[in-house]
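K.L.:
Okay, here's the structure, questions in a sec.
Derivation of every value follows stated rules applied to the coordinates shown; laboratory data play no part. Keep in mind that what you see is a predicted model, and the values were worked out from it rather than measured. Positions of Cβ are generated from backbone atoms using ideal geometry, with glycine treated the same way; all protein chains shown enter the neighbour counts.
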Amino acid sequence: MRDHPHEGAAAPGERGSTDGVPTGVRPAGGSPAEIPEVWHGSATNRFQWLLAAVGAACLALGVDLAVNSTWTSGLAPLVMAVVGCVAAGLLVLFGTLAFVRVAVRVDDDCLEVRCGHMGVPRRRIPLDTVVGADFAPRVTPRHWGGWGYRWRPEQGTAVVVRRGEAMVLRLGDGRTFTVTVDDAEGAVRCVRERLRLRRPASTA
């Protein structure tokens, strides 16, 4: 995991350059010879494991209350406490484990993003719907309102698992899709080369 100290990444909705690239997002160079046939990248956030442990503790507390409770104030309060602890534990546990890791794959046809070790949630974006790709040196949860799979109506969607570099796809509907991934510049070069190779066929 890399967390770059550079400031100035574009927050959602910001525009600053005359060529349509958001402020804080810059082009990524590279030779076509360096572009792999299939690009793989990932990013992880170890802090999410701490939150997952909190969720597991809540779940364990709920189970312990259900099995070993000696409450004498009635059944209803006990049931409410058990259900509350179990529900909170499951919500935190699965909500964090889903975004401990993100994996990105780019091939000739699409970009695919898989979250967590089970690969869900998952997003597949056909390159036919992509008009450009940019490199953002620093994206933070503050830009998108938190960790995980985020959506903002004025901007688009994002998968944010850690602070740092990210790839920003510009889609044909005017929205963007942002994903925090290590070697985001390599991902941008790969997508741009794929788009460059597709243009002659689409305009023929």
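K.L.:
Quick query: amide H of Asp182 versus all other amide H atoms, modeled in the peptide plane; which residues come in under 5 Å with a sequence gap of 5 or more or a different chain?
P.N.:
Here Ser42, Ala43 satisfy the definition.
K.L.:
With each label point set 7 Å from Cα along the Cα-Cβ vector, what nm distance links Val131 and Val63?
P.N.:
5.2
K.L.:
Here is a further query. With viscosity set to 1.306 mPa s and temperature to 10 °C, compute the Stokes-Einstein D of the stretch 112-204, Rh being the Kirkwood radius across alpha carbon pairs; µm²/s, no decimals.
P.N.:
Details: Rh = 13.8 Å.
Reported coefficient: 115 µm²/s.
K.L.:
Once each part is reduced to its C-alpha centroid, what is the distance from the stretch 108-131 to the stretch 168-190 in angstrom?
P.N.:
11
K.L.:
Further question on the same structure: I need the phi-derived Karplus couplings for the stretch 174-182: 6.51 cos²θ - 1.76 cosθ + 1.60, θ = phi - 60°, integer Hz, Gly and Pro marked x.
P.N.:
In residue order, the calculated couplings are x, 8, 10, 10, 10, 9, 7, 8, 5 Hz.
K.L.:
How large is Rg over Rh for the stretch 95-158, taking Rg from the Cα atoms and Rh as the Kirkwood inverse mean of 1/r across Cα pairs?
P.N.:
Numbers: Rg = 12.6 Å, Rh = 13.1 Å.
Reported Rg/Rh (Cα atoms, Kirkwood Rh): 0.96.
K.L.:
Between Val120 and Leu195, what is 0.36 nm times their sequence separation minus the Cα-Cα distance? Round to one decimal in nm. Walk me through the numbers on the way to the answer.
P.N.:
Details: separation 75, 0.36 × 75 = 27.00 nm, distance 2.66 nm.
Additional length available on full extension: 24.3 nm.
K.L.:
Order the peptides 168-174, 136-142 from the highest to the lowest mean number of other Cβ atoms within 10 Å of their residues.
P.N.:
136-142, 168-174
K.L.:
Here is a follow-up. For an R0 of 22 angstrom, estimate the FRET efficiency from the Cβ-Cβ distance between Leu171 and Asp107 and round to the nearest 0.05.
P.N.:
Values: r = 18 Å, r/R0 = 0.81.
Using R0 = 22 Å, I get an efficiency of 0.80.
K.L.:
Mean separation of Cα pairs under 8 Å and 6+ residues apart, divided by the residue count of the stretch 101-203: what relative contact order is that in percent? Present the calculation step by step, with values, prior to reporting the outcome.
P.N.:
Working: 191 pairs, mean separation 24.2, N = 103.
So the answer I get is 24 percent.
K.L.:
Which one, Val181, Val104, Val159, is farthest towards the positive end of the dipole of the stretch 93-204 when Lys and Arg carry +1 and Asp and Glu -1 on their Cβ?
P.N.:
Value computed over the given set: Val159.
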